[in-house]
1. Rounded, prolate or oblate for segment A:421-539? Axes are the square roots of the Cα gyration tensor eigenvalues, ordered a ≥ b ≥ c, and the cut-off for rounded is a/c under 1.5.
2. Relative contact order of segment A:160-266, please, whole-number percent, based on alpha carbon pairs below 8 angstrom and at least 6 residues apart.
3. Once amide H atoms are built 1.01 Å from N in the peptide plane, which residues 5 or more positions from residue B:281, or in another chain, come under 5 Å H to H?
4. Given points 7 Å out from each Cα along the Cα-Cβ axis, report the residue A:231 to residue A:267 separation in nanometres with one decimal.
5. With Kirkwood's inverse mean 1/r over C-alpha pairs for Rh, give me the Rg to Rh ratio of chain B, two decimals please.
6. Of all DSSP beta bridges located in chain B, what percent are antiparallel, nearest 5?
7. For Cα pairs less than 8 Å apart in space and 6+ apart in sequence, what is the mean separation divided by the residue count of segment B:402-534, i.e. the relative contact order in percent?
8. Which FRET efficiency value, to the nearest 0.05, do you get for residue B:541 and residue A:38 by plugging their Cβ-Cβ distance into 1/(1 + (r/R0)^6) with R0 = 41 Å?
There are 2 protein chains.
Amino acid sequence: MILRYLFGHPFDTEAVPNKPAVSDGPVPYLSVEKDGSSLSMTLSDDDVVYGLGETVRGMNKRGWIYVSYNTDEFLHMETTKSLYASQNFLLVTNGLRSLGIFVDCPGEVTFDIGYTKMDRLCIRPAKPDFELYLVTSAKMDPAAARRDVVHHFRRLIGKSYLPPLFAFGYGQSRWGYKSEDDVEEVADSYERMGVPLDAIYLDIDYMDHFKDFTVNEETFPDFPGFVSRMKDRGIHLVPIIDAGIRKEEGYCVYEEGKKNGYFVKDKDGKDFTAAVWPGEVCFPDVLSSRARQWFGSQYDVLLDAGIDGFWNDMNEPSIFYTPERLNQAIRNVAGYEGKDLDVNAFMRLRDEMGTLSNNREDYRNMFHDADGTKVCHDDVHNLFGFNMTRAAGEHFLKACGEGKVLLFSRSSYIGMHRYGGVWTGDNRTWWSHLKLSLQQQPALNMAGFLYSGSDMGGFMDDTTEDLMLRWLSASLFTPLYRNHAALGTRQKELYRFPHRSWFENLVQLRYALIPYIYAQFRKARDDDAMYFAPLSFFYGNDERVMQIEDQLMAGEDVMIAPVVEQNKTGRMVYLPEDMTLVRFRSFEDYDTVPLAKGDHYVSCALNEALVFIRKGHVLPLGVPAANTAELDLGNLTQIRG
Amino acid sequence: MILRYLFGHPFDTEAVPNKPAVSDGPVPYLSVEKDGSSLSMTLSDDDVVYGLGETVRGMNKRGWIYVSYNTDEFLHMETTKSLYASQNFLLVTNGLRSLGIFVDCPGEVTFDIGYTKMDRLCIRPAKPDFELYLVTSAKMDPAAARRDVVHHFRRLIGKSYLPPLFAFGYGQSRWGYKSEDDVEEVADSYERMGVPLDAIYLDIDYMDHFKDFTVNEETFPDFPGFVSRMKDRGIHLVPIIDAGIRKEEGYCVYEEGKKNGYFVKDKDGKDFTAAVWPGEVCFPDVLSSRARQWFGSQYDVLLDAGIDGFWNDMNEPSIFYTPERLNQAIRNVAGYEGKDLDVNAFMRLRDEMGTLSNNREDYRNMFHDADGTKVCHDDVHNLFGFNMTRAAGEHFLKACGEGKVLLFSRSSYIGMHRYGGVWTGDNRTWWSHLKLSLQQQPALNMAGFLYSGSDMGGFMDDTTEDLMLRWLSASLFTPLYRNHAALGTRQKELYRFPHRSWFENLVQLRYALIPYIYAQFRKARDDDAMYFAPLSFFYGNDERVMQIEDQLMAGEDVMIAPVVEQNKTGRMVYLPEDMTLVRFRSFEDYDTVPLAKGDHYVSCALNEALVFIRKGHVLPLGVPAANTAELDLGNLTQIRG
């Protein structure tokens, strides 16, 4: 059952396409301050709180305070409160009840989940203008009830984005590929190595001076020709698109946007100016349907060049600085010259530069024209990435049809899942981020984001060969399977590591699993169900599974329990029922071991991958190919559980 | 056996008080570049590399690259290469061999432990002037050989510091206690709560304008009287001492140091000036025995006031800025005004302020007078904290005798263990740091640092009640048992949390364990042995224990396996032999459960603590008291394993 409540005067986020009627009477389950300034409930000892999409910490969100306010945060620490996305859906569940809570609020919302008091959930929107949805189930079995609540919620928010098949292949990315030669070297090296490859991603360097919808003509002299040549080899080029449009006279995207009033305004009604990669930019006003349509149509220049995949970035939107703030800071800094600064003065000085980026005051000085309604950006901040991606997604549906264009985004809000997927942003070469990358998946799935994944091997800092191997192995079932790295970090294309055959075997195994992954993904999408789920969604009456944070159900037939710690050649695994362990060394070299319900120590060398098939279920296995286009989805063997 | 080799012209670090003769012939076990620029060896698959003291990641250091260069690093990430200390001892071990390696080098040393190549250990001193010690054992049993190598090494570097008994009691600290009233409120609150307390720490705010060896006379109008009143209540005040001496005319410590040439010089022979908490400071030249003696004697002003415990801080030495660098940066920043900065220019601008602190060039502009020899600080950087603490420790031995004064330091080098302990610096309220705090202990013990501990509950960021409970529980056997927090973070004195009785029971249990802890600590110290050890130091022929990273031997009789993850009510524990589990709810309320060798799921609620007694061993348990002075170390019951 779904109950809907209104507080204040909410802005319509369009997260929910077809809203049920507003419920009469008082809000059940939650204590509500009359003005909507807080919603709270007591958590019992055995309550688990799932959800909140792409946030830090475990699948069980209890014990921390999270703030939905989309932020370009380069440090994903345990104590980080905001990341790039706001996916305000929670599932509070124990053996007796399951309650789904969706706080549909486009501005800042704080979720205190047992942080201030261990047994108290308290939700506080910064401004009490929002809609509240409560979702329950009549199912008696706890696992069925959990699935049912999610199913009802997912039906409410609409079908998830469907990517093309190649989106499930292996992708290679790196900030720093600058030219045809760079890209070709990657393609050639993978081909020589015998590793399948479906996509090479282009980070900001493919553009002319970081200008959206341009290509550097010196380093890519014949871009359409190059795109076509790569596609002939089965490789899709996937360029990045940033939120900011460079302010440059004569740059047609800027000129068009300026002329037609498509940009976000400042408090004086002038085009709001911030600086990001290219220097000073304006932001498309993606809350205006006219501007959104215009921005979406800009992708044509790349679609026309043969591109069929994009990643939208910097769309929190990230701001390095605004010119006024920068110049004021520079003038302030000058005042410190020649002084003996005690620590307080020194900290103030450092803050002059340290508070330039993503400054809340700048967001308060941005204004949208939401089809006739002037809205302060800060109040609808979390909708920017959603609507930038919606601009693209709506255009692709119209121009190309469903399932044709790969599209995912860094920033998001529930509703965006109808138009594209997400990647989990600028993670690091931390083993804890490998584990986190798995823990985020079920929460993203609940919120509709079925197509998602992390930067394998870690984006920032230097990776190691063992981390790379374990990440590829742990992500074998993850829809987005992309190796990405930041400028200046250790190079980590797979052919650069000594144990080439191990990497080859792992990626080939991925391709052999794609028939299962794709079928299960489509099923989850068609059924408004989870693709990745906590074990408690299948085993409702097992107390142990409520605490398991490093095992997941992947589709309906298998459980994964990857090694996510360094220097381990095995791990403890908990089986909630009898299962068959498949220990893969390659798609054709594997052992199957029947294991009984309970705890098992399972060995897993760096060149191995563990898959557990549920009793009575079957894992179909295909034959790898050079890319997904060459996969024979019908030629399957079956491993029985 | 110990072999000693000389490379280049090493500065005598005094890590090894009585050096064995230099060995003839080539260096065994390692491939050595002739000039000493690198030492390397192949690691077999089953080699574990222990050691490196206080560094990030697991007990097994394989798979990362560490740089010994003492650094005031406020982010202890998995990818952080340098922390506050340099403890260059490694133990490379598998079932067949154990090799101890000590690189006695006072400057930067890089330890590439399977980072560049998974099977390669490579050690690179920045300058090839160092001594190398290789330690082996003739013992056949792998566990005995590991203990034996450490024992030989510890005998080489001299007996570890012995703290007074009160150092093992519970200590409360917080950056921000400013006055007698603040301190008294802490003491009163703990007394009312019934939680034992031995020490209240004074962070920088007790001083007059952050000047070492001064006390703010407004907020502490009668410091000796206050110290005495607190001591009558069984509470020791433990003030912080920073490395930098404020440059202030009329401040006698500064005037004396300046007059007598006791300060570190710059390249022009003038007193080197940096800025830290108080603004501009000079650093005592602790490599000069005269200056060291002088600096040590400064502690008298506090000893005379009744103080018998200190923590030495900021002694990497940390530098916020130097005046020249700051003013140059300010002038550089001014040049950016009014410009449209692309990302590269913006990053350069940010770096102007971002590279002010702990700048390597400043360390290169510092010079010591090492009893007649002029030495560039950068070449002996890692000795500063050691010798600042040695200055204090040598003075305390002379003035007060052994075992009388509590002393520990943030920065250190092997050799400092003879004069004081360490705490593991500015950690965070991360669950991963709770686990790290345990993993660092054996490595610190190997290097001689038996007296050590982390800031319980995490220093930076906001803690949670469950983290605080688990940290107190996991640290029950840790010698330094201190709750510390940074300014501006959530208050975390134990009486501020709802579940007071749980905290009370935990700290009382700590006091009941002190008879065991103190006896085992003394034994480890007297025998040059480990107090905390990896399981592989006791169970040599068990492959599983080589990978266990969250269980430790604490003394000779017990194993600990605390819960270090959030939202868990139990954990898997591996027993390498039959043991008796004691599940404590308080010192007098506990169950004992005999468990067989193997894997067990063991429940452990937030108010419980797990201790595993080895088969045939005994855990003595005392009766808690309000503080260690009131403990009856003879009144013991015994729990049998």
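The values are calculated or read from the model by the stated rules, or taken from the named source; none is laboratory data. Only a predicted model underlies this, so the values are computations on that prediction, with no experimental measurement involved. Positions of Cβ are generated from backbone atoms using ideal geometry, with glycine treated the same way; all protein chains shown enter the neighbour counts. Side chains included, ligands, DNA and RNA excluded: accessible areas come from the protein's heavy atoms. Shrake-Rupley method; radii C 1.70, N 1.55, O 1.52, S 1.80 Å.
1. prolate
2. Reported as a whole number, the value is 24 percent.
3. B:247, B:274, B:275, B:276
4. My value for the distance between the label points is 4.9 nm.
5. Dividing the radius of gyration by the Kirkwood radius yields 0.96.
6. Restricted to chain B, the bridges split so that about 75 percent are antiparallel.
7. It rounds to 23 percent for segment B:402-534.
8. With R0 = 41 Å, the Cβ-Cβ based efficiency is 0.10.
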